[in-house]
Amino acid sequence: MSLTTDEIAGLVREDSVHRRVYIDPEIFDLEMERIYGRMWVYVGHESQVPNPGDYHTTRIGNQDVILVRGTDGQVNVLYNRCPHKGAQLVPQGDGNVGKFFRCPYHAWTFKLDGSHLAAPLRKGLIDTNYDPKHPDFSMRPVARVESYRGFVFANQSPEGEDLKSFLGGVITSIDNLCDRSPEGEVEVVGGVFQVMQPSNWKVFYENLHDTMHAPVTHESSFTAAREKAQEQGGMPFELLIMDGNGAPWEFWEQLELVAYPNGHGYMQAIFDPDASTRDPVSRAHFEALAKVHGEEKARDIMGMNRHNTIIYGSGSPHTVFQQFRVIRPISVDSTMIEIQTFRLKGAPPEVFDRALTYTNLINSPSSNVMPDDIELYGRCQRGNNTNGGDWVSHHRYVGTDEKTEFGMVSTNGTSELPMRNQFATWKHYMTQAIDRDTPQAQVEPAEQEKSHVA
């Protein structure tokens, strides 16, 4: 039985959401159509396909797509399907197809922009409706593709706002990541981690700015880091990055949570003037930037201290440690996380080594930190399938968020503003057709009915 618009709207209140948004397969299917079928989604970085014929497979919602470099140097995004019998043209992963795609089933071939090239024994197709110039006989391209500073996004809808309008203010996080390179460019290097999480895709987005969980969920890892540091008489970088989750409550309360329209946002500590001189690696990085931009701008670039930016529907860039956790929905209770690590072109090699260390020790499947999160995500998924209650609380500091010219900002770093912002966007996409006259970037979190019990 299909959900009505009113029923969907009733699942989201200003301060809570119904557990059904995480566990109902029908809702998941609607999300793939109404959110991922309309939203700009990050599909990969241009550096992953440096040469003509290079490809990277990925997903937009529940659709398998191919990011491929064309013979003209442009990047294309195509659905991974041969129009002949429907076979996937390339397997999951990265590779190079040469000058054209060749289907492994019946050897139909296609140019790197997806257009039909040839079919074997074409005499058997004479006097039929086969037409090599008709789109039905070519690989289908995703409706729209745009790249910003090497980050490639695609949109399955042919209509709507452009990429920059969709990203709005959160585009500054991509800028900061790239500006940390003395050459202004980054590239994916060192392989990609993939982690399957036993939970709904929205759980991870909520957790990215959930500052209340860090000292609790990660107690075992930061306690172990402190014990090891005491044992060896010092706190090296490898332990320091685990120790951070154990900061006192006052630290988390002082963070700034910024919420942009379209569900985006970031978590930021105060500007860090010491970021450029704290350790030898930072100093070398600062010196490389200062040679290009001067010391003042180099200090501004390194002092921007953002953690876990959210590009809703795509994932989370981390500018300081040069990574992008890409979030791919698989099913109502399964989500693939792909961790990409970036090298800052022109930066000292030690900067990239440090980023790899962070990726391995914090976000890899074998780290001491990520398993904490995965365990709790799974518990949330299983718990929301019980009859222990119907509503999930987003009450913290509700009604205190401050409106700004660009969106909203929290009055306390433990506010659940990010969750409320995400579900305002979720509700908009799930209940309304896109208004072609009003850019989606202007959609603000709506006032919803408040609940009295979480």
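Give the stretch 96-114 a look and list any residue that's surrounded by fewer than 16 Cβ atoms within 10 Å (Cβ to Cβ) and touching a Phe, Trp or Tyr at 6+ places or on another chain (Cβ under 9 Å), or say none. Result: Asn96, Phe100.
Could you say whether any residue in the stretch 402-416 is surrounded by 17 or more Cβ atoms within 10 Å (Cβ to Cβ), modelled with pLDDT of 95 or more and closer than 25 Å to Pro198 by Cα? For the stretch 402-416, residues surrounded by 17 or more Cβ atoms within 10 Å (Cβ to Cβ), modelled with pLDDT of 95 or more and closer than 25 Å to Pro198 by Cα: present.
What's the total number of residues in the stretch 223-257 that are among the aromatic types (Phe, Trp, Tyr) and either in contact with a strand residue (DSSP E or B) (Cβ under 9 Å, 6 or more places away or on another chain) or surrounded by 15 or more Cβ atoms within 10 Å (Cβ to Cβ) (or both)? The qualifying residues number 2.
Only one of Asp15, Asp64, Asp24, Asp6 is under 30 Å from Asn384 (Cβ atoms) and either without any contact (Cβ under 8 Å) to a residue 12 or more places away in the chain or among the small types (Gly, Ala, Ser) (or both); which?
Working: Asp15 fails: either without any contact (Cβ under 8 Å) to a residue 12 or more places away in the chain or among the small types (Gly, Ala, Ser) (or both); Asp64 fails: either without any contact (Cβ under 8 Å) to a residue 12 or more places away in the chain or among the small types (Gly, Ala, Ser) (or both); Asp24 fails: either without any contact (Cβ under 8 Å) to a residue 12 or more places away in the chain or among the small types (Gly, Ala, Ser) (or both).
So the residue among Asp15, Asp64, Asp24, Asp6 that is under 30 Å from Asn384 (Cβ atoms) and either without any contact (Cβ under 8 Å) to a residue 12 or more places away in the chain or among the small types (Gly, Ala, Ser) (or both) is Asp6.
Applying a threshold of 6 Å to beta carbon distances and a minimum spacing of six or more residues, or different chains, the list of pairs starting in the stretch 180-196 at a residue that is basic (Lys, Arg) and ending at one that is surrounded by 18 or more Cβ atoms within 10 Å (Cβ to Cβ) and in a loop (DSSP other than H, G, I, E, B) is empty.
Quick check on my filter: what residues within the stretch 273-316 are within 27 Å of the chain's Cα centre (by Cα) and either acidic (Asp, Glu) or at positive phi (or both)? Hits for the stretch 273-316 are Asp300, Asn308, Gly313, Gly315.
The set of residues in the stretch 356-414 being under 22 Å from Trp201 (Cβ atoms), out of contact with any strand residue (DSSP E or B) (no Cβ under 8 Å at 6 or more places or on another chain) and among the polar types (S, T, N, Q) consists of Ser367, Gln381, Asn385, Thr386.
Selection of the stretch 101-155 for residues being among the hydroxyl-bearing types (Ser, Thr, Tyr), more than 15 Å from Ala87 (Cβ to Cβ) and not in a loop (DSSP other than H, G, I, E, B) yields Ser147, Tyr148. Residue-level analysis places Ser181 outside the set of residues that are closer than 30 Å to Ile35 by Cα, crowded, with 20+ Cβ neighbours inside 10 Å and not aromatic (Phe, Trp, Tyr). For beta carbons closer than 7 Å, sequence separation of 6+ or different chains, a first residue in the stretch 122-136 that is of a type in the set (A, V, I, L, M) and a second that is modelled with pLDDT of 95 or more, the qualifying pairs are Leu125/Ala119.
Conditions tested, residue by residue: (1) assigned to a helix (DSSP H, G or I); (2) touching a helix residue (DSSP H, G or I) at 6+ places or on another chain (Cβ under 8 Å).
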position	(1), (2)
Arg283	yes, no
Lys291	yes, no
Arg299	yes, yes
Ser316	no, yes
Ile327	no, yes
Ile337	no, yes
Arg343	no, yes
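For first residues located in the stretch 334-355 and free of Cβ contacts under 8 Å to residues at least 60 places away in the same chain, partners that are surrounded by 21 or more Cβ atoms within 10 Å (Cβ to Cβ) and part of a strand (DSSP E or B) and lie 6+ apart or on another chain with Cβ distances below 6 Å form the pairs Ala355/Thr341. Specify the residue that is modelled with the highest pLDDT; the eligible residues are those in the stretch 328-380 that are basic (Lys, Arg) and closer than 15 Å to His318 by Cβ. The extreme case among them is Arg343. Which number in (1) more than 16 Å from the chain's Cα centre (by Cα); (2) closer than 22 Å to Glu185 by Cβ; (3) small (Gly, Ala, Ser) marks the one condition that Ala269 misses? For Ala269, the failing item is (2). For the stretch 438-446, the criterion of being closer than 17 Å to Ile8 by Cβ and either at pLDDT 95 or above or crowded, with 17+ Cβ neighbours inside 10 Å (or both) is met by at least one residue. Going through (1) more than 21 Å from Arg140 (Cα to Cα); (2) surrounded by fewer than 22 Cβ atoms within 10 Å (Cβ to Cβ); (3) not charged (D, E, K, R) one by one, Val17 falls short only on (2). All of (1) at pLDDT 95 or above; (2) surrounded by fewer than 20 Cβ atoms within 10 Å (Cβ to Cβ) hold for Glu219 with one exception: (1). For the stretch 139-173, filtered to residues that are in contact with a Pro (Cβ under 7 Å, 6 or more places away or on another chain) and surrounded by fewer than 19 Cβ atoms within 10 Å (Cβ to Cβ), the residue that is farthest from Arg69 (Cα to Cα) is Ser165. Considering only residues in the stretch 52-95 that are of a type in the set (Val, Ile, Thr) and either within 19 Å of Val41 (Cβ to Cβ) or at pLDDT below 95 (or both), the one that is surrounded by the fewest Cβ atoms within 10 Å (Cβ to Cβ) turns out to be Thr57.
The values are calculated or read from the model by the stated rules, or taken from the named source; none is laboratory data. Keep in mind that what you see is a predicted model, and the values were worked out from it rather than measured. Here Cβ is always computed from backbone atoms with ideal geometry, including for glycine, and neighbour counts include all displayed protein chains.
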